[in-house]
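> My questions all concern the structure below.
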Amino acid sequence: MTLIPASSRAMSIEYAIRDVVVPATKLEDEGHEIIKLNIGDPIAYPGLGTPKHMIDAYVSALKSGNNGYSPSYGLPNLRAAIAEDESRKGWNCTRNDVYVTHGVTEALQVLFSAVLTEGDRILAPGPHYPPYMAYPQLVGAVTEEYRLDPNNGWKIDINDIRSRMSEDVRILVLINPNNPTGAILSCSEIDEILRILEDYPNCLVIADEIYDGLVYTGEHVSIASRSSKVPVVSMNGVSKVYYAPGWRIGYMALHDPNGSLAEVRDAVERLLRSRLCASTPAQMGYLAGLTGDRKWMQEYRAKVLERRQIALSRIDGIEGLSVKPTGGAFYMFVRIDHPDYQDDKQFVLDLLHQEHVLLVHGSGFSPERGSGHIRIVHLADPETLNEAFDRIDRFLNS
């Protein structure tokens with residue numbers, strides 16, 4: 001039989017967060033119960049379900065027949081609500097600056113297709129969320145990692161960014177708070193990076209701020225709010241802060257202080273029209289979240305903070321692991337100090353098979369800069385978290 005060849009670009013893509021699920025599923029099929037701390041799906045954990053008023057709005061849209069095609073750029077009232085929300089963060093966002101997508105991942109795919117061409121470079125933090133490495137190569141571009149300092153709370157090495165900048169860098173990615181490290185950016189760091197980019201007029205910033213409502217130290221700073229010259233595309237959505245990841249609704253919001261994104265905007269709109277629209281009833285659910293009472297967020301945030309503290313305390317008490325306190329999101333990027341484990345992926349697989357706890361290997365977020373680490377999602381209820389860390393401790397002492 002002759003195999004029809006697949007594209008080499010597609011075959012080179014890996015997504016560590018879901019790749020590790022394959023052996024876990026096999027163990028489940030054999031009857032084992034797995035504690036899963038691998039994926040950032042908040043509603044997979046007790047007490048963090050999608051708020052009722054958002055679900056009601058989604059269901060109401062279905063029942064009323066409001067589930068046909070919607071405008072390609074998003075429902076006008078949702079775009080207006082997002083613009084108002086972004087403007088509260090300190091920059092002038094209008095409805096026409098907002099484009100609603102199938103989650104942030106589609107927003108990335110669309111923007112990369114609109115901006116990047118063969119041989120272009122994109123700078124992304126190392127370690128980083130895997131699609132920043134995977135998607136640009138589909139259009140022939142190359143992602144290059146700039147350094148996050150593991151010995152300084154995973155802060156950005158700004159001099160490393162400066163040394164990597166050139167005219168072929170078309171996009172600089174800032175993930176704030178960062179996935180997988182949980183680090184956050186200060187005003188001074190953002191300002192210094194933007195000053196560097198002022199000398200490169202063909203480069204824009206992607207501000208991935210999907211975790212902006214989950215900051216524990218200080219306050220989140222909108223990157224667009226700090227820019228008066230550099231174009232910034234802010235990306236956010238319903239998945240994390242609004243606890244509805246399966247709805248697949250995200251957006252990009254274009255901050256274009258000098259009008260340099262006119263062609264990019266046209267390309268984005270052409271691509272969005274060609275794929276029709278995002279889910280109409282899910283957009284209605286997100287609209288309810290943006291326009292409704294947000295007091296529920298405090299209760300959810302308190303639960304996440306409690307679970308974060310449990311994780312920090314337990315890791316601190318396990319010989320062979322270490323981690324710095326996180327500034328935001330709901331991940332911990334934990335260093336493996338145990339002398340028997342130089343291979344972080346082998347650590348994850350051995351832990352899975354021996355103790356049935358599923359984590360993600362750090363090298364899946366960067367073969368170079370994530371190696372020797374594991375990412376832990378600290379959203380499980382206290383009892384499950386403690387059981388998971390009991391098993392991890394037992395594993396390291398076995």
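The values are calculated or read from the model by the stated rules, or taken from the named source; none is laboratory data. These numbers come from a predicted model, not from an experiment. Quick reminder, even Gly has a Cβ in these numbers, built from the backbone with ideal geometry, and neighbours come from all protein chains shown.
> Conditions first: (1) at pLDDT 95 or above; (2) among the hydroxyl-bearing types (Ser, Thr, Tyr); (3) farther than 15 Å from SER234 by Cβ. THR94 passes all but one, so which condition is the exception?
Against the list (1) at pLDDT 95 or above; (2) among the hydroxyl-bearing types (Ser, Thr, Tyr); (3) farther than 15 Å from SER234 by Cβ, THR94 comes up short only on (3).
> Quick one: LYS324 ticks every box in (1) in contact with a helix residue (DSSP H, G or I) (Cβ under 8 Å, 6 or more places away or on another chain); (2) modelled with pLDDT under 95; (3) at negative phi except a single one, so which number is it?
The one condition LYS324 does not meet is (1).
> If PHE365 meets every condition in (1) within 19 Å of the chain's Cα centre (by Cα); (2) modelled with pLDDT of 90 or more; (3) aromatic (Phe, Trp, Tyr) apart from one, which number is that one?
Answer for PHE365: the failing condition is (2).
> Restricting the first residue to region 361-373 and requiring it to be closer than 11 Å to PHE347 by Cα, which pairs with a second residue that is in a loop (DSSP other than H, G, I, E, B) meet a Cβ separation below 7 Å and a spacing of at least six or different chains?
GLY362/PRO127; GLY362/GLY370; GLY362/SER371; GLY362/GLY372
> Could I ask something else about it? Could you check region 73-156 for helices (runs of 4 or more DSSP H) lying wholly inside it with 2 or more residues that are over 17 Å from ILE206 (Cα atoms)?
On the way: elements: 76-87, 103-115, 131-137.
Answer list for region 73-156: 76-87.
> Do you know which residues across region 319-329 are assigned to a loop (DSSP other than H, G, I, E, B), over 19 Å from LYS36 (Cβ atoms) and touching a residue at least 60 places away in the same chain (Cβ under 8 Å)? Don't jump to the end; show me each part of the working.
So the first thing to find is which residues in region 319-329 are assigned to a loop (DSSP other than H, G, I, E, B), and the list is 319-320, 323-327, 329.
Now drop any that are not over 19 Å from LYS36 (Cβ atoms), which leaves 319-320, 323-327.
Result: GLU319, GLY320, LYS324, PRO325, THR326, GLY327.
> What about SER72, is it closer than 23 Å to MET252 by Cβ, small (Gly, Ala, Ser) and in the same structural domain as PRO257 (by TED's automatic domain parsing)?
Numbers: closer than 23 Å to MET252 by Cβ: yes; small (Gly, Ala, Ser): yes; in the same structural domain as PRO257 (by TED's automatic domain parsing): yes.
It is true that SER72 is closer than 23 Å to MET252 by Cβ, small (Gly, Ala, Ser) and in the same structural domain as PRO257 (by TED's automatic domain parsing).
> MET332 passes all but one of (1) surrounded by 15 or more Cβ atoms within 10 Å (Cβ to Cβ); (2) of a type in the set (A, V, I, L, M); (3) assigned to a helix (DSSP H, G or I); which number fails?
Among (1) surrounded by 15 or more Cβ atoms within 10 Å (Cβ to Cβ); (2) of a type in the set (A, V, I, L, M); (3) assigned to a helix (DSSP H, G or I), the lone unmet condition for MET332 is (3).
> So ALA61 fits all but one of (1) over 27 Å from the mean Cα position of the chain (by Cα); (2) of a type outside the set (Asp, Glu); (3) buried (at least 19 other Cβ atoms within 10 Å of the Cβ); (4) modelled with pLDDT under 90; what number is the exception?
Failed condition: (4).
> While we're on this one: Could you figure out which of (1) crowded, with 22+ Cβ neighbours inside 10 Å; (2) in a loop (DSSP other than H, G, I, E, B); (3) free of Cβ contacts under 8 Å to residues at least 40 places away in the same chain isn't true of PRO339?
The one condition PRO339 does not meet is (1).
> Scan region 292-309 residue by residue and report those that are free of Cβ contacts under 8 Å to residues at least 60 places away in the same chain and either assigned to a helix (DSSP H, G or I) or in contact with a strand residue (DSSP E or B) (Cβ under 8 Å, 6 or more places away or on another chain) (or both).
Passing the criteria: GLN298, GLU299, ALA302, GLN309.
> Listed residues LEU351, LEU312; which is farther than 17 Å from GLY213 by Cα, among the aliphatic types (A, V, I, L, M), part of a helix (DSSP H, G or I) and in contact (Cβ under 8 Å) with a residue 24 or more places away in the chain?
Exactly one residue qualifies, and that residue is LEU351.
> Additional query: Given (1) at pLDDT 85 or above; (2) surrounded by fewer than 16 Cβ atoms within 10 Å (Cβ to Cβ); (3) within 30 Å of LEU261 (Cβ to Cβ), where does TYR15 come up short, assuming only one miss?
Every listed condition holds for TYR15 apart from (1).
Quick grid of which residues meet (1) in contact with a Leu (Cβ under 8 Å, 6 or more places away or on another chain); (2) of a type in the set (Asp, Glu); (3) surrounded by fewer than 23 Cβ atoms within 10 Å (Cβ to Cβ):
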| position | (1), (2), (3) |
| --- | --- |
| ASP350 | no, yes, yes |
| GLN354 | no, no, yes |
| GLU368 | no, yes, yes |
| SER371 | no, no, yes |
| VAL377 | yes, no, no |
| GLU383 | no, yes, yes |
| ASP390 | no, yes, yes |
| ASP393 | no, yes, yes |
| SER398 | no, no, yes |
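> Considering SER228, SER234, SER260, SER239, which residue is surrounded by 23 or more Cβ atoms within 10 Å (Cβ to Cβ), assigned to a loop (DSSP other than H, G, I, E, B) and either touching a Leu at 6+ places or on another chain (Cβ under 9 Å) or among the hydroxyl-bearing types (Ser, Thr, Tyr) (or both)?
Numbers: SER228 fails: surrounded by 23 or more Cβ atoms within 10 Å (Cβ to Cβ); SER234 fails: assigned to a loop (DSSP other than H, G, I, E, B); SER260 fails: surrounded by 23 or more Cβ atoms within 10 Å (Cβ to Cβ).
None of the other options fit; the residue is SER239.
> Related question: Of everything in region 36-58 that's modelled with pLDDT under 95, out of contact with any Leu (no Cβ under 8 Å at 6 or more places or on another chain) and of a type in the set (A, V, I, L, M, F, W, C), which residue is farthest from GLY246 (Cα to Cα)?
Among them, the one singled out is ILE39.
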